[in-house]
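Here the structure is laid out as structure tokens; the discussion comes afterwards.
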Ligand code: PFF
């Protein structure tokens, strides 16, 4: 039996509500914007294979664990870790893991909001018919004009931050469930439509080969690190987002099934995005390694050419903003929950405080595409922030979660909370959590640092 503790923040109305919210957190810019561009930068198929393996053997077990810890502690990740460490008679400073998550959340949201701002501005660019009949060069110019203008980026970043904080202030549970139920399937339909376009007009098979032909010679430890980091990023793991959502999960919901559903939906969206984008890249002589602008330089070509493209394009960017929005909310929820618990702030005050700090950090990303853009070959503030959070902080968070639950919690606590019996499913999860996930993360870290080579 799970513990009898309840969350002061309330509970999801059902297991389905949790699945929807957690899917909303997982599916976002990571799937549609980031997955294609980092796949392009890292050579395609081999990168995708490593990413998929990481989802299966690290992501899913760690996600189950985060939900488990959250539901057992029923508080913000910082306080959950403090309570569980005390209950299990462990070192009291495990709550620092919660703190690292809060910092990761701030840092990720700071740039996430800027990129979501790009998507927001594309709603209007598409709606005004700007893409109709435009070729790859014209579409490329539209993108360059946007990111080289700091004032415009700042305005969109600000707008996105405001709409995110309004929802956070009202509480993640009101409204979110209904919106996700409707809009997630709509996003899926539009992605399928885009794949259909890519099949008929793009170099579809070249796209498929690029995504799935695994040329292992393209792998380096650096590439493996990026694939692993992305598995954490895309599933919202390693920083407490899923943990805090787990803390609102009703006691009788099955954690295993729920996690599979979320990971499956997330992977499906990423693969569909890849299948939509790369055929267009190849058909238009574009560069797969074009970087963060990739979807903004490819999809508008498709919208500009297909019948009804203005409508579909506008809808697509609306849905992309929505997907980014439901992820952004979850990035800040651990910090907001902690402020409410420990400083008795209202949600509105907590959200505004977090929003202002994140907005300020976001200025670094805004300017890294224009005023402070680095010389050729040098890394920008945005690149550094992304590398630090996705490839170091999230996997480190995941490693510590795996060590805490796999090695320091009693099996009785785990089994009580997971309530999946002692069968093969439980054994497999426990084995992956104790051995595979931590060792894999450690091995990749050590190899990248060069200790083993
Ligand atoms: N999973 C989100 C995406 O793929 O866009 C991003 C994200 C949300 C990362 C929440 C981390 C997180 F805690």
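Brief remarks follow.
- Of all the numbered requirements in (1) assigned to a loop (DSSP other than H, G, I, E, B); (2) within 26 Å of residue 225 (Cα to Cα), residue 56 misses one, and that requirement is (1).
- Scanning region 327-350 for residues that are within 17 Å of residue 163 (Cα to Cα) and within 16 Å of the ligand (Cβ to nearest atom) yields 327, 328, 329, 330, 331, 332, 333, 336.
- Residue match in region 276-284 (condition: more than 30 Å from residue 42 (Cα to Cα) and either in contact (Cβ under 8 Å) with a residue 24 or more places away in the chain or away from the ligand (no atom under 16 Å from the Cβ) (or both)): no
- Within region 87-118, if we keep just the residues that are assigned to a helix (DSSP H, G or I) and out of contact with any helix residue (DSSP H, G or I) (no Cβ under 7 Å at 6 or more places or on another chain), the residue that is farthest from the ligand (Cβ to nearest atom) turns out to be 87.
- Residue within region 120-128 that is under 28 Å from the mean Cα position of the chain (by Cα), assigned to a helix (DSSP H, G or I) and within 16 Å of the ligand (Cβ to nearest atom) present: yes
- Residue check, residue 202 buried (at least 24 other Cβ atoms within 10 Å of the Cβ) and modelled with pLDDT of 95 or more: no
- Which listed residue is modelled with pLDDT of 95 or more and under 14 Å from residue 398 (Cα atoms), from 69, 109: 69
- Taking region 381-422 as the range and being modelled with pLDDT of 95 or more, in a loop (DSSP other than H, G, I, E, B) and either crowded, with 20+ Cβ neighbours inside 10 Å or touching a helix residue (DSSP H, G or I) at 6+ places or on another chain (Cβ under 8 Å) (or both) as the test, only 409 passes.
- Hey, residue 293 under 30 Å from residue 54 (Cα atoms), away from the ligand (no atom under 16 Å from the Cβ) and under 18 Å from the mean Cα position of the chain (by Cα) or not: yes
- Scanning region 427-441 for residues that are buried (at least 22 other Cβ atoms within 10 Å of the Cβ) and more than 20 Å from residue 225 (Cβ to Cβ) returns 429, 433.
- Residue satisfying condition, being surrounded by 22 or more Cβ atoms within 10 Å (Cβ to Cβ), under 20 Å from the mean Cα position of the chain (by Cα) and either more than 16 Å from the ligand (Cβ to nearest atom) or without any contact (Cβ under 8 Å) to a residue 24 or more places away in the chain (or both), within set 224, 269: 224
- The condition of being under 27 Å from residue 96 (Cα atoms), at pLDDT 95 or above and away from the ligand (no atom under 14 Å from the Cβ) does not hold for residue 48.
The values are calculated or read from the model by the stated rules, or taken from the named source; none is laboratory data. What you see is a predicted model; the values in this text were computed from it and never measured. Cβ coordinates were reconstructed from backbone atoms using ideal geometry, including for glycine residues, and neighbour counts include every protein chain displayed.
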